[in-house]
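The values are calculated or read from the model by the stated rules, or taken from the named source; none is laboratory data. In this text the structure is predicted, and so the values were computed from the model without any measurement. Ideal geometry is used to build each Cβ from the backbone, glycine not excepted, and the neighbour counts take in all protein chains shown. Protein only, heavy atoms only, side chains kept; ligands, DNA and RNA dropped before computing areas. Shrake-Rupley method; radii C 1.70, N 1.55, O 1.52, S 1.80 Å.
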Amino acid sequence: MTDIEDTAAGDGAPEIDTRPTHSGFVALIGPTNAGKSTLVNRFVGAKVSIVSHKVQTTRAVVRGIAIHDNAQIVFMDTPGIFKPRRRLDRAMVTSAWGGAKDADLIMLLIDSERGLRGDGDAILEGLKEVFQPKILVLNKIDQVKREDLFELARVANEKINFTKTFMISAENGSGCDDVMDYLAKTLPEGPWYYPEDQISDLPIRQLAAEITREKLFLRLHQELPYSSHVETEKWEERKDGSVRIEQVIYVERDSQKKITLGKGGETIKAISTASRKELSEILDQPVHLFLFVKVRENWGDDPARFREMGLDFPKG
């Protein structure tokens, strides 16, 4: 036996994993502000979905891709489901239910503090028309008494036949490994859909706009309503290894523009600084970010803005 053959056959040879791989899509649905984006970011191990104090910040289905054991799990972070009032609201709710029906498995996330109050009961009713396997995940369990958690789980399982119930904290990670273990074993056998190092299918220009939108909401979550939208208009890779990014923040009224700019441009500078810092970390390169604020009345009725957000434009 040659030295090469002896090395390959010896104890130091790497073991080959012959187990079949698993892969599939998991739709994460639930009421607004239940913690869906926080949970997806934790599962993936990086930010792929924006998080803010405001409800309804996720507007379209965002896919986060996680590897766990021999499985690739594609999480579909859908917009929160609520009673729609505006055209944009209708598009977001339609997107959420569409994401659920396209998935291999449905994960219903409920804020344990709020329980099924508000939109929770309506979502359970809607799930009766969705026939994929469903699991129930109760979030924020560290803020609720144990007996109340069990009662909430009992009531929800009486209404929908969940195959499994988990109790977690998306904030501190408690119970999240149990969910990942279950998904890795449950999703269908098959090849992975994405390269191993890919964490999202969201285009980088759109992700950059989402990060700036998050900073906008974090800074102005009390003053600015949902009449705002961010688009990346220019992306220029420069010879020195940096990138120049130009983005436009669209608002509906002059008064909103003044709020966004702030006195002496103080607010927009703070938003730009926070966004630029995070973008530099994600891209691992220097970022020159330029933000512009434009008034576009009734942008929420403009089909082009919906396409930019990845939403279908509802008629009527």
(message) Could you tell me the center-to-center distance, by alpha carbons, between the stretch 260-292 and the stretch 202-246 in angstrom?
(response) 8
(message) Whole-Hz ³J(HN,Hα) for each residue in the stretch 177-188, computed from phi via Karplus 6.51 cos²θ - 1.76 cosθ + 1.60 with θ = phi - 60°, x for glycine and proline: what do you get?
(response) 5, 4, 5, 5, 4, 5, 5, 4, 7, 8, 5, x
(message) At 0.36 nm per residue, and after removing the present C-alpha to C-alpha distance, how many nm does the segment from Glu266 to Glu189 gain when stretched out fully?
(response) 22.4 nm
(message) With a 1.4 Å probe and all protein chains kept in place, how much accessible area does Asp148 have, in Å² rounded to the nearest 10?
(response) 80
(message) Whole percent per 5 Å bin, from 0 to the bin with the longest distance: what is P(r) over all C-alpha pairs of the stretch 167-278?
(response) 2, 9, 14, 15, 14, 12, 11, 11, 8, 3, 1, 0
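Strictly over 22 Å apart at the Cα level, which of Lys36/Lys277; Lys36/Lys215; Lys128/Lys185 would you flag in this model? All intermediate terms of the calculation are to be shown ahead of the outcome.
Values: Lys36/Lys277 24 Å; Lys36/Lys215 18 Å; Lys128/Lys185 25 Å.
Among Lys36/Lys277; Lys36/Lys215; Lys128/Lys185, the Cα-Cα distance tops 22 Å for Lys36/Lys277; Lys128/Lys185.
In Å², and per residue, what accessible area does the stretch 191-291 have when probed at 1.4 Å with the other protein chains present?
I get 53 Å² per residue for the stretch 191-291.
Taking the Cβ-Cβ separation of Lys128 and Gln222 as r and a Förster radius of 45 Å, what is the calculated FRET efficiency to the nearest 0.05? Present the calculation step by step, with values, prior to reporting the outcome.
Values: r = 37 Å, r/R0 = 0.83.
Calculated transfer efficiency: 0.75.
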(request) Treat each spin label as a single point 7 Å out from the Cα along the C-beta direction, and report the Arg205 to Asp142 distance in nm. (result) 4.0
(message) Which residues among the stretch 189-226 fall inside the zone where the amide N is under 16 Å from a point 7 Å beyond the Cα of Ala46, along Cα→Cβ?
(response) 194-211
(request) Starting from the Cα of Phe150, step 7 Å along the direction of its Cβ; do the same at Arg253; then give the gap between the two resulting points in nm. (result) 5.1
(message) Residues of the stretch 187-204 with the amide nitrogen closer than 12 Å to a label point 7 Å from the Cα of Asn70, along Cα-to-Cβ, please.
(response) 189-191
(request) Please compute the Cα-Cα pair-distance distribution of the stretch 104-219 with 10 Å bins starting at 0, giving whole percents from short to long. (result) 11, 32, 34, 21, 2
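Under 8 Å for C-alpha pairs, at least 6 residues apart: give me the relative contact order for the stretch 93-189, rounded to a whole percent.
Numbers: 106 pairs, mean separation 27.0, N = 97.
Across the stretch 93-189, relative contact order equals 28 percent.
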(request) Considering only protein heavy atoms, with the full assembly of protein chains and a 1.4 angstrom probe, order Ile168, Ile268 by accessible area, largest first. (result) Ile268, Ile168
(message) Suppose the chain between Glu246 and Glu233 were pulled fully straight at 0.36 nm per residue; how much longer would it get relative to their current alpha carbon spacing?
(response) 4.1 nm
